[in-house]
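Report on one structure; see the data block that follows.
Since every read-out is calculated from the coordinates, none of them should be taken as a lab result. All of these numbers come straight from a predicted model, not from anything done at the bench. Note that we place each Cβ from the backbone using ideal geometry, even for glycine, and neighbour counts take in every protein chain shown.
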Amino acid sequence: MIQEIPPQYATVKELPKRLQPRELFDRVGAEHVPDEVLLAILLKSGSPGYNVVDLARDLLRHFGSLTALTRATPAHLVNFRGVGPTKARELKAALELARRLSQEQVEEKPAIHSPEDAARLLREQARELDHERFWVLLLDTRNRLKEHPVMVSQGVLNASLVHAREVFRPAVMNQAAAIVVAHNHPSGDPSPSPEDLRVTRNLIEAGKLLNIRVLDHVIIGQSRPGQSTYFHSLRESGLVNFAPDG
């Protein structure tokens, strides 16, 4: 990755030619420039005495990450010097396209063979949320996804919010052989709570009555230093007794 551009230049034209965002992009490629350069190219210009790279850097510093920046509304973005309504709309549109692209699947009906498969499918949606959201993944007899993940509820996860009838209704309608349920922890820590365990046990029992297996409950957090993974599988942890796969 190219080193950060020094912030002592009033305009982009005062930067050494090799460090100007567009020239740097063309010379080393998109994958090798820092976030601030990609953002500066989208923003196009700063304001008098305040170059576009510094504007991009300040946006990233303010929000803390690109993920957090995607949550900003155009009304919030226009509060920054050098960002008007048009620029805010263009930036928001570019970030939204990136978000949608990350959600597209190479396969029309990907197979869910592991907790990581489920977590990867939902990771980009989950990382942008500041509240809990609960999904059900509908699987056929070969563990292939029958439909896009279905959002069942959002808010604080508890037994009154996550009703078995809401979880299993799409499974029955789509004749799913099995399901994987998943939800996110906005705190970033995927460790299960006692309520997570209780909800999971309730769903497993309901699934037995309907002859629809609950294969796993995957909790999605975020990657953190010292944390081996960004998700937690209740099946793999052994904290909940799931029915055998067979």
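Tabulated data for the structure shown
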| quantity | calculated |
| --- | --- |
| Members of region 68-91 found to be crowded, with 17+ Cβ neighbours inside 10 Å, more than 21 Å from the chain's Cα centre (by Cα) and among the small types (G, A, S), listed by number | G82, A88 |
| Of residues in region 116-148 being more than 14 Å from V181 (Cα to Cα) and touching a helix residue (DSSP H, G or I) at 6+ places or on another chain (Cβ under 7 Å), the one surrounded by the most Cβ atoms within 10 Å (Cβ to Cβ) | R127 |
| Check on L210, out of contact with any His (no Cβ under 6 Å at 6 or more places or on another chain) and either surrounded by 15 or more Cβ atoms within 10 Å (Cβ to Cβ) or at positive phi (or both) | no |
